[in-house]
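Each reported figure results from applying straightforward, stated rules to the coordinates on display, with no laboratory input. This one's a predicted model, so the numbers in the text were calculated from it and none came from an experiment.
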Amino acid sequence: MLDTPLKVKRTFSDGTKELVGTLAENKSGTYFQYDENYLYKHPTSIAPFNIKADLTLQKAPKQPHDGIHGVFGDSLPDGWGLHLMDR
């Protein structure tokens, strides 16, 4: 479980970085919330099928990504990567 919330940042093609929002976890699940300034500049979602482009606290579904939003789960190791880390 996360001890502290993670600040989610996006790197653009020109190298600039911008805060997208915050990812946090507690006993009831994993949650994401957009940063207000990010939504003002970029009113579309980073994951339009799963995360609404608004300021609500959004809980990740249990499946298919083990309780994390898919857009963030895609950056984690898959089965083969986990196997290699275990070795």
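Relative to the current alpha-carbon distance between LEU76 and LEU6, full extension at 0.36 nm per residue lengthens the span by 23.8 nm. Note on ASP54 and SER28: the extension gain reaches 7.2 nm, defined as 0.36 nm multiplied by sequence separation minus the Cα-Cα distance.
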